[in-house]
Amino acid sequence: MMRLRCSVFAVWILALASTPLWGDNYIVHLAITIAMYSTLAISWNFIGGFAGYPSFATSAFFGLGCYVGALTQRAGLPVSAAWLCATAGVGIFAGLFGLIILRLRGHYFAIASFGLVEVLRLVISSSDSLTGGGDGLNVPLFHGGPDFVARIFLAVMVGIMVIAFAVSILVDRSRLGFGLRCIEQNEDAADMVGIDTTRYKIVAFVLSAMFCGTVGGAYASWTGYIDPTDAFDAIMTIKTPVMCMLGGVGTVLGPVAGSASFLLLEEFFWSHFLAYNRAILGAVIVIIIFFLPGGLLGIADGKGPRASFRRSLGRWLKGGPVAVP
Amino acid sequence: MTAIIELNGVSKSFGGIRALRDVSFTIDQGEIVGLIGPNGAGKTTLVNVMTGVTGATAGQVIFCGANVTAQRPYQAARRGIARTFQVVQPFPRMTVLENVMAGALFGGADREVNVRRAADIAREQLEFTELAALADKPAGSLTIAGRKRLELAKSLAMQPKLLMLDEVNAGLNSTEIDRALALVRKISERGVTILLIEHLMKVILSLAQRVLVLHQGELVAQGDPVAMVNDRRVIEAYLGEKFARRYQEGATGA
Ligand SMILES: Nc1ncnc2c1ncn2[C@@H]1O[C@H](COP(=O)(O)OP(=O)(O)O)[C@@H](O)[C@H]1O
Ligand SMILES: [Mg+2]
């Protein structure tokens, strides 16, 4: 099973990484975006999937990564060092913030994590002297033609995605992953069985933040310009968990499958029904919540979409809870 | 005999409710001690204080010579104090095997168990508790009796020094109770010290070597099980004073 998952992932990585060989610039651009979102989704899965804490902090970590990367690069650090700073800085930030907010459970945690995005955007917008405020920041651009730069960033984003995936496989098979799943199912029982739940949740939260920071730093270097609205994007912070739910929450491959299918679907709608593009996010959310509690991988696991759909529909008609995984 | 756990003047109040009042006792290594008392006497609260689920308002809990009054539940589990819940607490969407693995992976003193070793330990405990046939079923699908057994298996996988069973027999039929009785006896034979919270006198009389009686948060009596069952204060606690007098008069008159 694990070998199958890794093979599927490897084939997908090859497909993304080889886009410059067979696709135009537009396709390469799409591949970079997919790799970026895959990393965000894999990251979210540590806290939202394994530990079952529904986080909306993705954009906070991504945005903070953008700014740490941009500022350290402007201060003269080489690009790769700037990205490492973004990773470490965001990880430490998440650890400190986690100490406070991981005492909250369920809805309270979700709202607090969403609040973090808004607060950081406000703070960054109003610290003009350091961050350029609402006017944004220029980041030193890469030398070379657009094709060359696109290839570099494709390699970088896919590389980060592979690392994040490898870490999630390690976590999945370790005591850490086991403990997080216990917390997801019954936190009090997890505590009684000997799991230091606070420490485990903080580790999961830090893991969910670090790679968002790396990706943010890389994104800032890629686009060459960031501003608070772009960096702390409220849509991104909702899209990421939706992608995980679409693919299958708490599984290693789910976030990858979810982000790929979501973005490809979005592309399709962009090109065919431009006006309705925003509506698809809403539609996907509704469909998953009502009819696909296990995500796409839940279907692949052999329960069958029809059976799952019919069961959910039946419950819905009876007025009971619909999405019971 | 050396004491494994010792309570010194433990009290616990919830707002105005004094759930435990100045409770002191010791349990020796290897003993099976019964804890009885009517509903609301504070039995579950006592177990909660001993495992760090709720903090004591006053007093001390000493486990293996160390003051553990302020411990958190996961620390209690790692020291070797395990307990089952009156209201069972499984990981519902994990399999029975995985539930027991959780106990083996994280509980128990001074051990670093990896996932594979935990699976071996869990399988042993499932054999021991006669749950092996259900190993791959989701825990949420078990019957009440099955879930109580699972709680036991999970606690045993923690390889505890002290095991506290909070009404493991409540809701079971008499065949299931007999199986549970045999199981508790087997656990004790492995050298585990047991604190048994129980309503059924039959269970207490056949298992416990000593009985503690809790009434309105106070430890009103302790001693030999047969003596306790016939003790006036105990009968009072259970039946009320008037009935107790009548019961006693009937007993001596006959
Ligand atoms: N978390 C709590 N908050 C408030 N009161 C509680 C709490 N837990 C127990 N109590 C009260 O403490 C008393 C003892 O309860 P408990 O320990 O559950 O009794 P027993 O297990 O002997 O039936 C009861 O009066 C109960 O209402
Ligand atoms: Mg009770």
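Each residue in the range B:166-179 was checked for being within 16 Å of ligand 1 (Cβ to nearest atom) and either touching an Asp or Glu at 6+ places or on another chain (Cβ under 8 Å) or open to solvent by less than 50 Å² (accessible area, probe 1.4 Å) (or both), and 5 of them qualify.
Here the helices (runs of 4 or more DSSP H) wholly within the range A:271-318 that include at least 2 residues being modelled with pLDDT of 70 or more are A:277-291, A:295-298. Of all residues in the range A:201-211, those satisfying the criterion of being crowded, with 23+ Cβ neighbours inside 10 Å and either among the small types (Gly, Ala, Ser) or more than 14 Å from every other protein chain (Cβ to nearest Cβ) (or both) are A:ALA204, A:PHE205, A:LEU207, A:SER208, A:ALA209, A:MET210, A:PHE211.
If we only count helices (runs of 4 or more DSSP H) wholly inside the range A:1-60, which ones have 3 or more residues that are within 17 Å of the chain's Cα centre (by Cα)?
A:25-44
Screening B:ALA244 on (1) modelled with pLDDT of 85 or more; (2) of a type outside the set (Phe, Trp, Tyr); (3) open to solvent by less than 10 Å² (accessible area, probe 1.4 Å); (4) more than 16 Å from ligand 2 (Cβ to nearest atom) shows it passes everything except condition (1).
Please go through the range B:1-47 and pick out each residue that is hydrophobic (A, V, I, L, M, F, W, C) and either open to solvent by 30 Å² or more (accessible area, probe 1.4 Å) or touching a Pro at 6+ places or on another chain (Cβ under 8 Å) (or both). Answer for the range B:1-47, where residues must be hydrophobic (A, V, I, L, M, F, W, C) and either open to solvent by 30 Å² or more (accessible area, probe 1.4 Å) or touching a Pro at 6+ places or on another chain (Cβ under 8 Å) (or both): B:MET1, B:ALA3, B:PHE14, B:ILE17. Within this structure, B:VAL87 passes the test of being under 19 Å from A:ASP188 (Cα atoms) and assigned to a loop (DSSP other than H, G, I, E, B).
When the range B:69-83 is filtered for residues that are more than 10 Å from chain A (Cβ to nearest Cβ) and open to solvent by 40 Å² or more (accessible area, probe 1.4 Å), only B:ALA70 remains. Residues that are within 12 Å of ligand 1 (Cβ to nearest atom) and part of a loop (DSSP other than H, G, I, E, B) within the range B:1-54 comprise B:GLY15, B:GLY16, B:GLY37, B:PRO38, B:ASN39, B:GLY40, B:ALA41, B:GLY42, B:VAL53, B:THR54, listed in sequence order. A:GLN185 passes every criterion in (1) surrounded by fewer than 23 Cβ atoms within 10 Å (Cβ to Cβ); (2) within 21 Å of the chain's Cα centre (by Cα) apart from (2).
A quick yes/no check of all residues on (1) at the interface with another protein chain (Cβ under 10 Å from one of its Cβ atoms); (2) within 17 Å of B:ALA77 (Cα to Cα):
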{"site": "B:ARG117", "(1), (2)": "no, no"}
{"site": "B:ILE121", "(1), (2)": "no, yes"}
{"site": "B:ALA133", "(1), (2)": "no, no"}
{"site": "B:GLY140", "(1), (2)": "yes, no"}
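For the subset of the range A:275-299 comprising residues that are in contact with a Ser or Thr (Cβ under 8 Å, 6 or more places away or on another chain) and over 15 Å from A:PHE262 (Cα atoms), which member is surrounded by the fewest Cβ atoms within 10 Å (Cβ to Cβ)? Step by step, filter the range A:275-299, then rank; the result is A:PHE290. For the range B:180-225, enumerate the residues that are surrounded by fewer than 18 Cβ atoms within 10 Å (Cβ to Cβ), in contact (Cβ under 8 Å) with a residue 40 or more places away in the chain and within 15 Å of ligand 2 (Cβ to nearest atom). Within the range B:180-225, B:HIS199, B:GLN216 meet the criteria. Among residues belonging to the range B:55-68 that are assigned to a loop (DSSP other than H, G, I, E, B) and away from ligand 1 (no atom under 16 Å from the Cβ), point out the one that is nearest to the other protein chains (Cβ to nearest Cβ). Among those residues, the one meeting the criterion is B:VAL68.
Being more than 12 Å from every other protein chain (Cβ to nearest Cβ) and surrounded by 21 or more Cβ atoms within 10 Å (Cβ to Cβ), is that true of even one residue in the range B:89-96? Yes: one or more hits. Given (1) open to solvent by less than 10 Å² (accessible area, probe 1.4 Å); (2) touching a helix residue (DSSP H, G or I) at 6+ places or on another chain (Cβ under 7 Å); (3) closer than 28 Å to B:GLN209 by Cβ; (4) more than 9 Å from chain A (Cβ to nearest Cβ), where does B:GLN86 come up short, assuming only one miss? The one condition B:GLN86 does not meet is (1).
Please enumerate the residues belonging to the range B:46-91 that are within 16 Å of ligand 2 (Cβ to nearest atom) and either touching a residue at least 60 places away in the same chain (Cβ under 8 Å) or over 20 Å from B:ARG21 (Cα atoms) (or both). Let's see the steps before the verdict.
Within the range B:46-91, the first condition is being within 16 Å of ligand 2 (Cβ to nearest atom), and the residues that meet it are B:46-51, B:53-54, B:83-89.
Of everything in the range B:46-91, those that are within 16 Å of ligand 2 (Cβ to nearest atom) and either touching a residue at least 60 places away in the same chain (Cβ under 8 Å) or over 20 Å from B:ARG21 (Cα atoms) (or both) turn out to be B:LEU46, B:VAL47, B:MET50, B:THR51, B:ARG83, B:THR84, B:PHE85, B:GLN86, B:VAL87, B:VAL88, B:GLN89.
The values are calculated or read from the model by the stated rules, or taken from the named source; none is laboratory data. All values reported here derive from a predicted model rather than from experimental measurement. As a convention, Cβ positions derive from the backbone with ideal geometry for all residues, glycine included, and neighbour counts pool all protein chains shown. Side chains are part of the model used for accessible areas, which takes the heavy atoms of the whole protein and leaves out ligands, DNA and RNA. Shrake-Rupley method; radii C 1.70, N 1.55, O 1.52, S 1.80 Å.
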